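None of the figures in this text is laboratory data; all of them are computed from the coordinates on show. The shown structure was predicted, so the numbers you read here are calculated from the model rather than taken from an experiment. Please note: Cβ atoms are built from the backbone with ideal geometry, for glycine as well, and neighbour counts cover all protein chains shown.
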Amino acid sequence: MDPVKITDDVYWVGGIDWDLRDFHGYITQKGSTYNSYLIIDEKITLIDTVKHYLFDEMIERISKVVDPSKIDTIISNHVEMDHSGSLPLIKKIAKNVEIVTSPHGEKGLKRHFKEDWKFKVVKTGDSINIGKRDLAFVQTPMVHWPDNMVTYSGYDKLLFSNDAFGQHYASSERFDDNNIEIIIEEAKKYYANIVLPYSKQVRKALEDAGPLDIEIIAPSHGIIWRKNLDILMENYQKWSNNKTDNKALIIYDTMWNSTGKIAYAIQRAFENRGVATRMLNLKSNHISDIMTEVLSAEYICIGSPTLNKNMLPTVSAFLTYLKGLAPQNRKAIAFGSYGWAQGSVNDICDVFESCKFELLDKITVQFIPDEEELDEITRKVEGVIQ
Ligand code: FEO
């Protein structure tokens, strides 16, 4: 339960949620952290808090640096309760603390906690002086809620980025000095499942942060970036601009394996064309892991048999999730089998249309496809791959 020094007088004092396995529907196999940061200056300042059940852990870390009742200012970069959940508890200790937040932050915190706290509302371009440091604010609406903002300390060349650049990754290590492949993969999963719908706002935030001299990025989840900022920025540029790799995903569920056979016939076509493929059966892959693959895939092929004139519920659930996360600029193929009434493939095409995907092909087969039909599907798909 020790604090971790980031720069002179700036400490990580967050909480580690080793057991977390679900974050609003996103499976977090590696747990998560909620990162709070303590700045010891003339005004003692805490940036964000932790989920309520990790309050004791945060307070123990703070207490090893300073008496928590001496905290003057809390900066609330984001209302969501993984970062604000301990505010009511710390307010009981640091009774006169002022909470610095964005306009939507003030409204959101009042709606969440129904408390008459002392707020200072800040906007992009505003800053506060806490002694040696001026802390500047940039609003980053919809990264991840309307209230989000980031806080910059020019003195430390340090950006407290809140949800942006985060990863759900519980670890005893605090910095990106090791295991960069794992950290980037978790940052990718986080982007795909949390940040993706707000890519336009991410591009704006990257533009706004461009002129800042940043040596360290301290997000509110996971590892702190100090060594691999170039790799992080390169990936954020790629993800936020919807840039993909030459990769095809074949995402499907099947009842009597007819749709499964079509899935493999499509996979062969991509393989024959030299396109990397991933077979993703919805019975054995979680939708949040599939979304991580979607983030970098140019081709999205989705298949379902028809059940009661509809898709299988697994496919329908995935499509609902996909539509909400709104990836763009994808090429798509819908496929599936049916017995006596068609339905699933048209339903899949409707979702592709609402996502503005380019439909390359739709493939339907009655009952069981034979070898000749499967070969024909492979040839047909080879023909539409660009
Ligand atoms: Fe980590 Fe949007 O909360």
Task: Ranked list, fewest to most other Cβ atoms within 10 Å of each Cβ, for 302, 128 - done: 128, 302
Open item on the list: Can you tell me the mean projection area, over all orientations, of the convex hull of the range 178-267's alpha carbons? Units nm², please.
Closed with: 8.1
Task: Two-decimal ratio, the range 19-63, of alpha-carbon radius of gyration to 2.2 N^0.38 Å - done: 1.42
Task: Extension reserve of the residue 52-residue 227 stretch, reckoned as 0.36 nm per residue once the Cα distance is removed - done: 59.9 nm
- [ ] Could you work out how far apart the two model spin labels at residue 238 and residue 42 are, taking each label as a point 7 Å from the Cα in the direction of the beta carbon, and quote it in nm?
- [x] 4.6
TODO: Would you kindly work out the equivalent ellipsoid of the range 153-207 from its C-alpha gyration tensor and give its semi-axes, the square roots of five times the eigenvalues, largest first in whole Å?
DONE: 20, 18, 9
Open item on the list: Greater than 22 Å separation of Cα atoms is the criterion. Which listed pairs, 5/204; 51/107; 120/157; 5/30, meet it?
Closed with: 5/204; 120/157; 5/30
Task: All Cα pairs of the range 226-289, percent lying beyond 14 Å - done: 68
Task: Dimensions in Å of the range 232-386 - Rg and Dmax from alpha carbons - done: 14.7, 51
Task: Overall Cα dimensions of the chain, principal axis frame, Å, largest first - done: 78, 38, 34
TODO: List, in order, the whole-Hz ³J(HN,Hα) value for each residue of the range 95-108 obtained from phi through the Karplus relation with A = 6.51, B = -1.76, C = 1.60 and θ = phi - 60°; use x for Gly and Pro.
DONE: 5, 9, 4, 9, 9, 9, 7, 7, x, 5, x, 4, 4, x
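What FRET efficiency, computed as 1/(1 + (r/R0)^6) with R0 = 22 Å and r the Cβ-Cβ distance, is obtained for residue 63 and residue 4, rounded to the nearest 0.05?
It comes out at approximately 0.90.
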Task: Globularity ratio of the range 123-174, using Cα Rg and 2.2 N^0.38 Å - done: 1.30
- [ ] Report, in deg cm²/dmol and to the nearest 500, the calculated mean residue ellipticity at 222 nm for the chain, where each DSSP H run with n ≥ 4 adds -39500 (n - 2.57) and the sum is divided by the residue count.
- [x] -9500 deg cm²/dmol
- [ ] Please state, to two decimals, what the Cα-based radius of gyration of the range 88-218 comes to when divided by 2.2 N^0.38 Å (N = residues).
- [x] 1.14
Task: Crossing angle, helix 344-354 versus the chain [Cα axis fit, 0-90 degrees, rounded to tens] - done: 40
TODO: Apply 1/(1 + (r/R0)^6) to the Cβ-Cβ distance of residue 29 and residue 178, taking R0 = 30 Å, and write down the FRET efficiency to the nearest 0.05.
DONE: 0.95
Task: Sparsely packed trypsin sites (Lys or Arg not before Pro) within the range 232-338, loop by DSSP, other Cβ within 10 Å at most 13 - done: 243, 283, 309
Task: Per-peptide average of other Cβ atoms within 10 Å, ordering 141-151, 165-175 highest first - done: 141-151, 165-175
- [ ] Arrange the following residues from fewest to most other Cβ atoms within 10 Å of their Cβ: 140, 254, 320.
- [x] 320, 254, 140
Task: Potential lengthening between residue 386 and residue 285 on full extension [0.36 nm per residue; Cα-Cα distance subtracted] - done: 33.6 nm
Task: Whole-angstrom Cα spans of the range 302-386 along principal axes, big to small - done: 37, 34, 15
Task: Residue among 318, 269, 340 farthest towards the positive dipole end of the range 252-384, charges placed on Cβ - done: 318
Task: Average Cα contact separation per residue, the range 1-89, under 8 Å, 6 or more apart, as relative contact order % - done: 29
Open item on the list: If I model a spin label at residue 329 and residue 95 as a point 7 Å from the Cα along the Cα→Cβ vector, what separation in nanometres do I get?
Closed with: 5.7
- [ ] Quote the convex hull volume per residue of the range 253-307, based on C-alpha atoms, as a whole number of Å³.
- [x] 80
TODO: Note down the relative contact order for the range 124-266 as a percent, whole number, built from C-alpha pairs under 8 angstrom at least six residues apart.
DONE: 22
- [ ] Find the relative contact order for the chain and round it to a whole percent, using C-alpha pairs within less than 8 Å whose residues are 6+ positions apart.
- [x] 12
TODO: Taking only Cα atoms and a 10 Å spring cutoff, compute GNM fluctuations for the chain and point out the largest among 105, 303, 131.
DONE: 131
- [ ] Grab the Cα-Cα distance for residue 278 and residue 359, subtract it from 0.36 nm times how many residues apart they are, and report the gain in nm with one decimal.
- [x] 27.3 nm
- [ ] Write down the percent of antiparallel bridges among all DSSP beta bridges whose residues are both part of the chain, to the nearest 5.
- [x] 40
- [ ] Quick one: angle between helix 199-209 and the longest Cα principal axis of the chain, in degrees between 0 and 90, rounded to 10, please.
- [x] 30
